[in-house]
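Here is the structure we will look at.
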Amino acid sequence: MARDSLDRRHWHSVVVLTGAGISAESGLGTFRGAGGLWEQQRVEDVATPEAFARDPELVYRFYNARREHLCAGEVQPNAAHRALAELERSFPGNLALVTQNVDNLHERGGSRRLYHMHGELMKMRCQRSGSVFEAPAYFDAADRCVCCDEEGSLRPHVVWFGEMPLHMDEIHALLEDCDLFVAIGTSGNVYPAAGFVQVARQAGATTLEINPEITEGSGLFHHQWRGPATEQVPRLVSLLVGNQGTSV
Ligand code: BJW
């Protein structure tokens with residue numbers, strides 16, 4: 001099958017999975033590869049429940065710094081985030097946007113219906129009740145939780161290694177029902193997201209990877225568009241929106 005061109009047809013149910021690469025051109029670092037977050041900070045030290053139990057101050061500091069950066073004026077949604085929001089508004093079929101990203105650039109770019117499977121940087125959670133709240137720019141163990149009034153019970157509302165990602169039942173149902181699955185800017189290193197392409201294929205979907213690099217999972221996709229998200233995602237959206245009235 002051609003690696004680049006999608007065959008000409010109508011798409012009824014599209015699932016888009018995004019990863020850190022879609023936010024790279026907005027100035028947020030990716031995780032893996034040269035200059036990635038895990039090069040500056042060992043993942044075992046900041047992104048596991050064990051790390052939080054061992055050294056909560058380090059983990060609070062890590063997420064406070066990322067929250068501060070996300071809120072800095074220079075970090076803005078880019079053309080890829082905005083194009084996916086346009087797709088949500090204009091696509092006549094079913095569209096589901098699933099993101100592994102904890103940033104809020106999809107929402108700020110105009111997307112309204114999305115699943116944050118690895119949580120949200122701008123939220124915090126009470127470890128006693130499980131209640132989720134909007135996070136201030138900075139919080140740590142000294143802050144009292146509004147629900148239990150205890151110090152030290154608030155944690156970042158993000159999914160660490162060994163924890164169950166969020167919305168998995170809904171995401172699986174969407175994958176099993178989709179006819180086009182698109183993965184944008186993700187290295188395919190982290191499960192269960194890395195396995196979504198196989199779930200979608202088993203359901204009979206056509207699959208497309210958008211990434212400037214070859215990834216762990218590239219060979220699993222029917223089509224691969226190589227290039228930055230800000231170029232390739234608007235191209236995808238004009239294909240999906242522009243051609244739905246006729247054939248694609
Ligand atoms: C561009 C670009 C541009 C650059 N345009 N693209 C052994 C085998 C299989 C699985 C496991 C295993 N051992 C453990 C596991 C499970 C584990 C796992 O997958 N580990 C792997 C490392 C092997 N997974 C889990 O633990 C998950 N939970 C789970 O499985 O639960 C089930 C369970 C629970 C309990 C008991 C038993 C079972 C949870 C995973 C949580 C991941 N959390 C993080 C941190 C979130 C908070 C935070 O942000 O700090 O999520 S890790 C980090 O990786 C983050 C990301 O969402 C995630 C994925 O990264 P992503 O988005 O792919 O980024 P990169 O940097 O890897 O790639 C960027 C890509 O962009 C690159 O390809 C570039 O080329 C590209 N790019 N510029 C487009 N302009």
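The values are calculated or read from the model by the stated rules, or taken from the named source; none is laboratory data. Please read these numbers as outputs of a predicted model, since none were measured by experiment. For neighbour counting, all protein chains shown are included, and Cβ atoms are generated from backbone atoms with ideal geometry for every residue, glycine included. Accessible surface areas use protein heavy atoms only, side chains included; no ligands, DNA or RNA. Shrake-Rupley method; radii C 1.70, N 1.55, O 1.52, S 1.80 Å.
Could you tell me which numbered condition residue 89 fails, if it satisfies all but one of (1) touching a Lys or Arg at 6+ places or on another chain (Cβ under 8 Å); (2) free of Cβ contacts under 8 Å to residues at least 24 places away in the same chain?
Residue 89 satisfies all of (1) touching a Lys or Arg at 6+ places or on another chain (Cβ under 8 Å); (2) free of Cβ contacts under 8 Å to residues at least 24 places away in the same chain except (1).
Residue 227 versus (1) surrounded by fewer than 15 Cβ atoms within 10 Å (Cβ to Cβ); (2) small (Gly, Ala, Ser); (3) more than 13 Å from the ligand (Cβ to nearest atom); (4) modelled with pLDDT of 95 or more: which is the lone unmet condition?
(3)
In the set 46, 98, which member is crowded, with 19+ Cβ neighbours inside 10 Å, free of Cβ contacts under 8 Å to residues at least 40 places away in the same chain and within 12 Å of the ligand (Cβ to nearest atom)?
Details: 98 fails: free of Cβ contacts under 8 Å to residues at least 40 places away in the same chain.
Sole residue among the options that is crowded, with 19+ Cβ neighbours inside 10 Å, free of Cβ contacts under 8 Å to residues at least 40 places away in the same chain and within 12 Å of the ligand (Cβ to nearest atom): 46.
Of all residues in region 186-201, count the ones that are under 17 Å from residue 97 (Cβ atoms) and assigned to a helix (DSSP H, G or I).
So the answer is 5.
Run down 128, 112 and say which single residue is away from the ligand (no atom under 14 Å from the Cβ), open to solvent by 20 Å² or more (accessible area, probe 1.4 Å) and farther than 27 Å from residue 44 by Cβ.
Values: 128 fails: farther than 27 Å from residue 44 by Cβ.
Testing whether each residue is away from the ligand (no atom under 14 Å from the Cβ), open to solvent by 20 Å² or more (accessible area, probe 1.4 Å) and farther than 27 Å from residue 44 by Cβ leaves just 112.
Can residue 183 be described as within 13 Å of the ligand (Cβ to nearest atom), assigned to a helix (DSSP H, G or I) and surrounded by 14 or more Cβ atoms within 10 Å (Cβ to Cβ)? Please lay out each step first, then the result.
On the way: within 13 Å of the ligand (Cβ to nearest atom): yes; assigned to a helix (DSSP H, G or I): no; surrounded by 14 or more Cβ atoms within 10 Å (Cβ to Cβ): yes.
Considered against the rule, which asks whether it is within 13 Å of the ligand (Cβ to nearest atom), assigned to a helix (DSSP H, G or I) and surrounded by 14 or more Cβ atoms within 10 Å (Cβ to Cβ), residue 183 comes out as no.
Just to be sure before I move on: is residue 58 open to solvent by less than 50 Å² (accessible area, probe 1.4 Å), modelled with pLDDT of 95 or more, away from the ligand (no atom under 11 Å from the Cβ) and not hydroxyl-bearing (Ser, Thr, Tyr) in the structure I sent? Write out each step before concluding.
On the way: open to solvent by less than 50 Å² (accessible area, probe 1.4 Å): yes; modelled with pLDDT of 95 or more: yes; away from the ligand (no atom under 11 Å from the Cβ): yes; not hydroxyl-bearing (Ser, Thr, Tyr): yes.
Judged against the criteria, residue 58 is a match.
Considering region 213-224 alone, what residues qualify as being outside any strand (DSSP E or B) and modelled with pLDDT of 95 or more? Before you say what the answer is, go through the steps one by one.
Residues of region 213-224 outside any strand (DSSP E or B): 213-222.
Once the filter is applied, which keeps residues that are outside any strand (DSSP E or B) and modelled with pLDDT of 95 or more, region 213-224 yields 213, 214, 215, 217, 218, 219, 220, 221, 222.
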